[in-house]
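The values are calculated or read from the model by the stated rules, or taken from the named source; none is laboratory data. The shown structure was predicted, so the numbers you read here are calculated from the model rather than taken from an experiment. Backbone-built Cβ (ideal geometry, glycine too); neighbour counts: all protein chains shown. What goes into the accessible areas is simple: the full protein's heavy atoms, side chains included, and nothing from ligands, DNA or RNA. Shrake-Rupley method; radii C 1.70, N 1.55, O 1.52, S 1.80 Å.
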Amino acid sequence: MSRFFLDGQTFESQLNESVLDTLIRSGNAISYSCKKGTCKTCLVQHVGGELSPGAQRGLNARLKANDYLCACQCIPKDGLRLKTVLEQDLFISAQLVERQFVSDSLMKLVIKLSERLDSLPGQYINLRRFDGLTRSYAIVKCLEGNLIEMHITRKHNGQFSNWLFGTASVGEQLLVQGPLGQCIYKAEYQTDKLILIGHGSGIGAAVGIVEHALALDHQGDIYLYHDARYIQDLYLHSALLKLSLANKQFNYQACITSKAQSEQRLPSRCTYGQAADIAAQQHPIGRDCRVFLCGEPLAVNQAQQQAFLDGFEYTNIHVLPFEYKDLRAAARGGKN
Ligand code: FES
């Protein structure tokens, strides 16, 4: 048993129990998410006593220099003293470097981070502008030079997205928090059948996950569906047709949901209907099936519930709903 202190309060950990687990067991309201040292939600600051090896594993130089550590990765030694972290310390600076308008309501946005962030397509970051307004956006691509690409939908009455579409300009300074979320491809999925549905601009993140899987030499079949309202929303259609020609295990289909377009001639690999229904008809559920759902929260949550009721194992359903989540307000033990 070890005794440690957080903000002057005493805690006693059991054998091999992490600081985080001790705090949770003691009813302390610390935020956390992954418990793997990835999300950095559980950061605390070391202010005294001996630190166990590995407590700062995976932290960047800035966080280490500020004596931060992940509570989930720290087995406390007797007398360790810690303090909670100020929210602003969890942000890094970034600059808006590119705005590419795909349509009136969709933009590709590229930001350059001031330092490297270990992030993957399918995760998301919180973007904060000068006045503190903050929104969460999905990571589509992590590019060389600390660049991150995101696909932004302009929301009706969306303060942040309207600012990005209208007033914000290249060179704009931003703050970034994260990455967060676990809707990511892992090497251990290599032989699994992957079924991905991107709702609206969620197709960007879904394609990012596919590209990451292909880069890691994924062996199983991959089925990607784009749930789009109108034909003109299929902004990645030709790129995805090319990707399916270049990779025989990759299959792509677009699904148009607006009845108003049901009389129109459709492009190739395009059909009417909801992607979740079409995917459910085409793929019998097996233990090796894995589902990824990205996009608007309502559509993602409905598809997640449907996949679960259809028989997919909960742990094989990965979701990235586009909703704002504060890093420090992540639900206890919540999967993001
Ligand atoms: S890093 Fe500790 S909970 Fe994610």
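The table that follows gives values for the structure above.
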read-out: Centre separation in Å (Cα based) which lies between region 116-183 and region 258-293; value: 29
read-out: Among Ile125, Ile184, Ile278, residue whose mean-square fluctuation peaks in a GNM of the chain (springs only between Cα atoms under 10 Å); value: Ile278
read-out: Total formal charge among the other residues, if their Cβ is under 13 angstrom from that of Glu172, Lys/Arg +1 and Asp/Glu -1; value: +2
read-out: Relative contact order computed over region 217-266 (Cα-Cα under 8 Å; 6+ residues apart), in percent; value: 50
read-out: Mean residue ellipticity (222 nm) of the chain, computed from DSSP H runs ≥ 4 via -39,500 (n - 2.57), nearest 500; value: -5500 deg cm²/dmol
read-out: Reciprocal mean inverse distance between Cα atoms of the chain - Kirkwood radius, Å; value: 21.3
read-out: Equivalent-ellipsoid semi-axes of region 181-336, from the Cα gyration tensor, Å, largest first; value: 24, 19, 15
read-out: With every protein chain in place, the chain: carbon and sulfur % of accessible area (1.4 Å); value: 48
read-out: Choice from Leu245, Leu127, Leu196 showing the highest fluctuation, given a GNM over the chain with Cα pairs closer than 10 Å; value: Leu245
read-out: Cα gyration tensor category, rounded, prolate or oblate, for region 142-199 with a/c compared to 1.5; value: prolate
read-out: Per-selection metrics, region 1-148 (Cα): Rg and Dmax in Å; value: 18.0, 60
read-out: Stokes-Einstein diffusion coefficient of region 2-85, Kirkwood radius over Cα pairs, 4 °C, 1.567 mPa s, in µm²/s; value: 105
read-out: Relative contact order of region 2-85, pairs being alpha-carbon contacts under 8 Å that are 6 or more residues apart, as %; value: 42
read-out: Mean Cβ count within 10 Å, highest first, over the residues of peptides 160-171, 21-32, 136-147; value: 136-147, 21-32, 160-171
read-out: Most mobile of Ala254, Ala61, Ala275 in a GNM of the chain (Cα contacts under 10 Å); value: Ala61
read-out: Scaled radius of gyration (Cα, divided by 2.2 N^0.38 Å) that region 91-180 gives; value: 0.97
